[in-house]
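Since every read-out is calculated from the coordinates, none of them should be taken as a lab result. Note that the coordinates shown come from a computational prediction; the quantities given were computed from them, not determined experimentally. In this analysis, Cβ positions are derived from the backbone assuming ideal geometry, glycine residues included, and neighbour counts consider all displayed protein chains.
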Amino acid sequence: MAQLTVLLWLGCGVGLEYSGTEVIDSAGDEADADTDTDTDTDADSDADTDADVPLPERGELVLSEVLIDPAAVDDGDGEWLEIVNVSDHLLDLGSLWLADEGVDGVGIDAALTLRAGAYAVLCGNGTSADNGGVSCDATYRYKTSGGGLSMANSGDELLLMAGSGGTVIDRISWEKSFVNPGVAMGVRPGKLTEGGNDDAAAWCEQTGRLSGGDQGSPGRENGC
């Protein structure tokens, strides 16, 4: 796998270094796109294809699952969201922006591409031992007063955008009644479209159990 260093900022403000260009396959696992069979050191045989990987356009990424109110840990450690690539091609998530319609807004600082049909989990805290047992593909800064992202239990919006101020790729909103402490809400598989997840009836509680005790199915098809 091509080597480069990526700095992901955790919710606590600690930098975490990853080495390598991540490609998430349809099972949510990392896949090495480098098929070289020689033994020479390959400094950038995969990363040079990044320019050929398109950025997501409207409707190509869908918000598929959210844990808004974790019970196992504090919100700053346990909030996470899942997205799925519903296009028929690889997408570059490097400029992805998460926001609400108020003060929240934060970028994903990661060399991350997502295969068609694959899921990616984005977390406020990327350390599984601290976030309730979630394996995360990238992190964002958790902050409740701008300069980051938090998902309000009382009702909020969540927007996926192509960069700050860019095209809205997908959007969801919720009210207080949508939120159940410790339980992630996921979109039914047949509703995984930009418009399909707008309907509250398209969402259901996830029954999979995380190691910290909360419920969810991050990184895989929803169980409803």
Given 127-134, 100-107, the highest-first ranking by average Cβ count within 10 Å works out to 127-134, 100-107
Honestly segment 89-224 on the Cα gyration tensor test (a ≥ b ≥ c root eigenvalues; a/c under 1.5 rounded, otherwise a/b vs b/c for prolate or oblate) is just rounded
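Taking neighbour Cβ counts within 10 Å as the exposure measure, how do Asp75, Asp170, Asp52 sort from fewest upward?
Values: Asp75 18, Asp170 24, Asp52 8.
Going from sparsest to densest Cβ surroundings: Asp52, Asp75, Asp170.
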Quick note on Lys176, Lys191, ordering by fewest other C-beta atoms within 10 Å, gives Lys176, Lys191
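Sorting check: for 142-151, 178-187, 193-202, which peptide has the highest mean count of neighbouring beta carbons within 10 Å, and how do the rest follow? Spell out each step's value before the answer.
Values: 142-151: 17.9, 178-187: 20.4, 193-202: 14.2.
Ranking the peptides 142-151, 178-187, 193-202 by packing returns 178-187, 142-151, 193-202.
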For segment 97-224, the charge dipole (Cβ of Lys, Arg +1; Cβ of Asp, Glu -1; about the Cα centre) points to a positive end, and the Cα of Ser177, Gly190, Gly102 closest to that extreme belongs to Gly190
The local net charge around Pro56, scoring Lys/Arg +1 and Asp/Glu -1 for residues other than Pro56 whose Cβ lies under 13 Å from its Cβ, equals -4
